[in-house]
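To start, the structure itself, in structure tokens.
The values are calculated or read from the model by the stated rules, or taken from the named source; none is laboratory data. For clarity, every value in this text was computed on a predicted model and none was experimentally measured. Backbone-built Cβ (ideal geometry, glycine too); neighbour counts: all protein chains shown. Please note that ligands, DNA and RNA were not included when accessible areas were found on the heavy atoms of the full protein model with its side chains. Shrake-Rupley method; radii C 1.70, N 1.55, O 1.52, S 1.80 Å.
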Amino acid sequence: MRAYVLLVASIAALGGLLFGYDTGVISGAILFISKQFALDDRLQAFTISVVLIGCIAASAVAGSVADRIGRRPTLFAAGCVFLLGALLSAFAAGEAALLCGRFVVGIGIGLSSVVAPLYISEVSPAPTRGALVSLYQFAITIGILAAYIVDYVLAGGGQWRWMLGLAVVPSLVLMGGMVRMPESPRYLFKIGKRDRAREELDRIYEDPAASKLEEDSIAASLNVKRGGLRALLSPAIRPALVVGISLAVLQQVTGINSVIYYGPRIFEMAGVGSAAASILAQSLVGAVNCGMTLVAIFFVDRVGRKPLLYAGLSGMFVALTVMAYAFSQPHLSGSLGTIALVSMMAYVGCFAFSFGPILWLLISEIFPLPVRGAGMSVSTLANWVGNFAVSQSFLGMVERLGSPATFGAYAVLCIVTIVFVRTMVPETKQELLEQVRVGAA
Ligand code: BGC
């Protein structure tokens, strides 16, 4: 892999780092914010979820923005929005200003969650595309872990403004980095700047023959179809749309963010005594999430997307079933409590090497170039709506149905996902982006 391509992908992946940091950091900060601004439960919950509303709004338009002004300026704009959001939140004088800041942060996350994987996928050579887009997920997990650690370190002094404000640093690096990054060669072709596109392809591929092959395949794909939302609904593209939206929703409804957002609460349910032990256990979840993503980076271009998905989803199913069993017992202490905690880690680890990165990878691969921005937007929007639904419903489900039924429902959805992958999802390993076909597309 060329160092140049790795650098470009790593800078863009900072969008993922901010995604992870900004979604993770609030869990610790909210304890102090709610004290300072005397928030009731309803306002607390809204302070947490207003970010997701920003994500939903921005991911809906991010694809068309990236198609209109380009991938690079959109990612640069995301960096500016992250910066503004971090400053507004850190200096918020009251709850209204804080809500406003967190909404702006959500817009940054929504923009980058569409454009960062799209951009990385488009600048990557086919043989290493899986690893490079998985870097984006790796950055998300580093962001989440960093947020847990920052929360832990700053909790002593109740410094919530610093917790939220520290996002300024990666935002500035993302902005500075994107100024120097190239535009995606595929976008350049799309807008007719063929010479510049060719130059970029030559920088990506060491081998001129491979660069030429890619160029021909991009050119052919552009002759075929026009873009836009209407084209997305055309019979040829519809199967890809169904796959994109379904996978995006399934990634959420198999429950990952119940653990990422409410881990300490689950630990409490599993009998972990002190708050400090819960926070420590949550940091362990963050570390497992981060470490196991490396497995995907290593294997995704070697064994392929589908085998990793089968392995990960099966592991998630087993872990959730064990958790459901453990939580159904009257007393969750001693070895049963340990089994529940180990299963929870195993569940996160299995997600991390499979569905976590591969969702972002697949939705950046399955749409033909003319509709790639729109297709990524709609799929990512579905992912954020699923995220909102699960994070809003988790505690209520546990209260009404009980935790065994809640984890059991996530387990069943893992099986549904395996069947869906088997019947609907193409293997995209080693294919040029333009060769990827879903159904009749
Ligand atoms: C998901 C997020 C999740 C994260 C956990 C991402 O792929 O889209 O919702 O919080 O993984 O690592």
Would you mind counting up the charge near residue 111? Only other residues with Cβ under 14 Å from its Cβ, with Lys and Arg at +1 and Asp and Glu at -1.
+1
Could you work out which residue, out of 149, 363, 140, moves most in a Gaussian network model of the chain, that is, has the largest mean-square fluctuation with Cα springs under 10 Å?
149
Quickly rank 14-22, 259-267, 154-162 as a protection proxy: mean count of other C-beta atoms within 10 Å, highest first.
14-22, 259-267, 154-162
If packing is taken as the average number of other Cβ atoms within 10 Å across a peptide's residues, how do 371-377, 312-318 rank, most packed first?
371-377, 312-318
Could you grab the Rg to Rh ratio for region 313-392? Cα atoms only, Kirkwood for Rh.
1.16
Angle check, please: helix 238-253 long axis (alpha carbons) against the longest principal axis of the chain (alpha carbons), in degrees 0 to 90, nearest 10.
20 degrees
Tensor-based shape of region 213-331 (alpha-carbon gyration tensor, a/c under 1.5 rounded, otherwise prolate or oblate)
prolate
In the structure shown, do any of 212/429; 212/306; 193/306 have a Cα-Cα gap over 26 Å, and if so which?
212/306; 193/306
Roughly speaking, what % of Cα-Cα pairs in region 192-262 are separated by over 21 Å, rounded to a whole number?
56 percent
Computed [θ] at 222 nm, deg cm²/dmol, the chain (DSSP H ≥ 4; -39,500 (n - 2.57); rounded to nearest 500)
-27500 deg cm²/dmol
If packing is taken as the average count of other Cβ atoms within 10 Å, what order do 280-287, 354-361 fall into, highest mean first?
354-361, 280-287
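Let me make sure I get this right: for region 121-181, a, b and c are the square roots of the gyration tensor eigenvalues over alpha carbons, sorted descending. Under 1.5 in a/c it's rounded, otherwise prolate if a/b > b/c, else oblate. Which is it?
oblate
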Projecting each Cα onto the charge dipole of region 215-320 (Lys/Arg +1, Asp/Glu -1 at the beta carbon, about the Cα centre), which of 249, 314, 276 comes out farthest on the positive side?
249
Taking only the alpha-carbon positions of region 77-226 as identical scatterers, the Debye log10 I(q)/I(0) at q = 0.12, 0.15, 0.16 Å⁻¹ comes out as -0.64, -0.86, -0.93
At 4 °C and a viscosity of 1.567 mPa s, what translational diffusion coefficient does Stokes-Einstein give for region 385-441, taking Rh as the Kirkwood radius over Cα pairs? Give it in µm²/s as a whole number.
92 µm²/s
Skip the ligands, DNA and RNA, and give the accessible area per residue of region 327-434 with a 1.4 Å probe, whole Å².
34 Å²
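If I compute solvent accessible area with a 1.4 Å probe over the protein chains, what percent of it on the chain is carbon and sulfur?
Result for the chain: 68 percent of the exposed heavy-atom area is carbon or sulfur.
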Folded to 0 to 90 degrees: helix 305-328 orientation relative to the chain principal axis, Cα:
10 degrees
Take the Cα coordinates of the chain, assign each an equal point scatterer, and use the Debye formula without solvent to give log10 I(q)/I(0) at q = 0.06, 0.09, 0.12 Å⁻¹.
-0.24, -0.54, -0.95
Would you mind estimating how fast region 274-362 diffuses translationally, via Stokes-Einstein at 37 °C and 0.692 mPa s with the Kirkwood radius over Cα pairs, in µm²/s?
238 µm²/s
Using a Gaussian network model of the chain with C-alpha springs under 10 Å, which one of 186, 194, 72 is most mobile by mean-square fluctuation?
194
In degrees between 0 and 90, to the nearest 10, how far off the longest principal axis of the chain does helix 71-90 point, with axes built from Cα atoms?
20 degrees
